Every structure is written in C-alpha cells, then in structure tokens.
Amino acid sequence: MMEWPDLKNPRPRSEPKPYRPVVWPEAQFVPLPEGMIPDTPPFAVVVEARRTRYSFAPLLDDQLGALMQLTCRVRAALAGPLAFAQSHRPAPSAGAIHPVHVVVHRPGDAALCRYDPFEHGLSKLDTSLKPSALRTAMYEVIDAPAGTLLLFVAEPGLTASKYEDAASLVWRDAGVLLGTFSMAAEALSLNFSPMGVTGEPWASQLIPGASLVGVGAAFVGART
Ligand SMILES: Cc1cc2nc3c(=O)[nH]c(=O)nc-3n(C[C@H](O)[C@H](O)[C@H](O)COP(=O)(O)O)c2cc1C
C-alpha cells in the first residue's frame, strides 16, 4: 500500500469559523522601492529560460522590491465575511486568503523580516529565532551565503476559517507561490533556487505559541 498522508478533501464551511489572525511581533517597518520593475522579456521567453540557479550575488533593494511586487504584493484588498482581509495578489490563493507569509533574511542583516504584502515593505521581526541558526540549517541544503533567504511560513488557521480540511489548500498555495517566485525571478534575471525542506522546526519557533508552520524555503540573489 502506498504511503500517502490523507490531507482530506476541502469543503467551504457554511459559516466562517472564528479565527484571530497571528499578530506578528514587528519592530520597524522599512518600505521597499516601488515601481522599479525593469523591462522584462516576453513571458514565453521567461518560461523557456527558467532554471534553478545556485550561485548568488547580493540583491539590490530595487531587485527585492520588484521581486516582491511581482509575487506577493496586494493589488486589491477585498471586504468579506472573514476576520481578516482577503486579497488579490500576483499568485492565486484558495479563497483569496493567502495564508503563506514570506519571511526574508538578507545576507548581513541582524534581523529577520516579514514582507508586508499590504504595505510593500519589510517589517523587522522581534523574535528569539537567530538568523544565523536558520541560515546554518539552510546551508545544509544549499550553501548560499550571499543569497537572500525566503522562508515560507503558513498560517493554516486563515484558510481553515473558510474551509474544512484546509491542509491541502495551504500546501497548494505554498506551491503556487514558489512557482510564481521562480518565474518572477527569471523575468527579473535573478537566480532562484527552491529548497525541499519545509523550514521546520524553525518556522514554528518564530512566534512562540502561534500556529505557524514552515511550508518551504528558497534562496534568491542577483546573477553572478
Ligand atoms: C518543491 C521543490 C523542492 C526543491 N528542492 C530542492 C533542494 O532541496 N535542493 C536543490 O538543489 N534543488 C531543489 N529543487 C530544485 C529542483 O531540483 C529543480 O527544479 C529540478 O532539478 C529541475 O531543474 P530546473 O528547475 O532547473 O528546471 C526543488 C524544486 C522544487 C519545486
């Protein structure tokens, strides 16, 4: 018998399940550059060219801003019955919920940051999780000291407030986001490499007691 965890079949709930979103312990917000999208090749050329690329030079802030704009930035917030804003962003998401947060660590930064998709900037995280510990763990997968580390951190309670048996939706959201990053990075002539690790046990240590789980990680950087 094939071993395959049964994530069950999601169904919309008849009424939203009450849920209080995680409050991130954020210290300082630094906006990312806006509107710095360079001319990109046609989509068909991007699709042809995309590869996983393993060498990284440090990203400029303009490049990180453009990457987040083409992957995560909120285009429109939607008013709905849930206790938090749904939104349209570059990647699709079950229920327009976008339960996957992106935690960013730039090489040399003392702190981890969370990308704020509504405000388009980085919020420094006040967390006891040490960036060096996280990086050391990720270097076992890909040794990328000059790469910017992206940690995909899911908040399953968001999706579960609209759907029963939401786990597979959260994983599919993480996958579609990873794919969107891989295409956007290629369009911007950046090097991008996904990692098969989930980001656990690190992601769930970001905020003690909060229901956050790692659903992936990647390195991104400028071309060398
Ligand atoms: C979910 C996922 C996990 C991956 N994990 C790793 C990884 O841990 N290490 C690695 O070197 N490449 C990883 N990759 C990259 C794949 O090895 C790569 O996509 C594959 O070899 C095909 O090459 P291409 O992306 O250049 O077309 C991963 C890709 C995906 C989509």
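Inside segment 193-224, can you point out the residues that are surrounded by fewer than 19 Cβ atoms within 10 Å (Cβ to Cβ), out of contact with any Leu (no Cβ under 8 Å at 6 or more places or on another chain) and not β-branched (Val, Ile, Thr)?
Result: Gly196, Glu200, Pro201, Pro208, Gly209, Ala210, Ser211.
Of all residues in segment 32-50 being within 16 Å of the ligand (Cβ to nearest atom) and touching a residue at least 24 places away in the same chain (Cβ under 8 Å), which is nearest to Ala66 (Cα to Cα)?
Looking at residues that are within 16 Å of the ligand (Cβ to nearest atom) and touching a residue at least 24 places away in the same chain (Cβ under 8 Å), I get Val46.
Can you go through Arg114, Arg135 and tell me which one is among the basic types (Lys, Arg) and assigned to a strand (DSSP E or B)?
Matching residue, one of Arg114, Arg135: Arg114.
Among strands (runs of 3 or more DSSP E) lying entirely in segment 1-91, which contain 2 or more residues that are under 22 Å from Leu212 (Cβ atoms)?
The qualifying strands (runs of 3 or more DSSP E) are 26-31, 86-88.
Within segment 107-130, which residues are more than 20 Å from Gln69 (Cα to Cα) and open to solvent by less than 20 Å² (accessible area, probe 1.4 Å)?
Leu125, Leu129
Inside segment 118-132, can you point out the residues that are among the charged types (D, E, K, R) and assigned to a loop (DSSP other than H, G, I, E, B)?
Glu119, Asp126, Lys130
Considering Ala144, Ala133, which residue is exposed (fewer than 15 other Cβ atoms within 10 Å of the Cβ) and among the aliphatic types (A, V, I, L, M)?
That would be Ala133, the only listed residue that is exposed (fewer than 15 other Cβ atoms within 10 Å of the Cβ) and among the aliphatic types (A, V, I, L, M).
In segment 155-173, how many are within 16 Å of the ligand (Cβ to nearest atom) and either buried (at least 20 other Cβ atoms within 10 Å of the Cβ) or outside any helix (DSSP H, G or I) (or both)?
2
Do the conditions hold for Ala83, that is, is it open to solvent by 50 Å² or more (accessible area, probe 1.4 Å), more than 19 Å from the chain's Cα centre (by Cα) and more than 16 Å from the ligand (Cβ to nearest atom)?
yes
The values are calculated or read from the model by the stated rules, or taken from the named source; none is laboratory data. Predicted model only: the values in this text are computed from it and were never measured. All Cβ positions, even for glycine, are placed from backbone atoms using ideal geometry, and neighbour counts span all protein chains on display. These area figures cover heavy atoms from the full protein model, side chains too; ligands, DNA and RNA do not enter into them. Shrake-Rupley method; radii C 1.70, N 1.55, O 1.52, S 1.80 Å.
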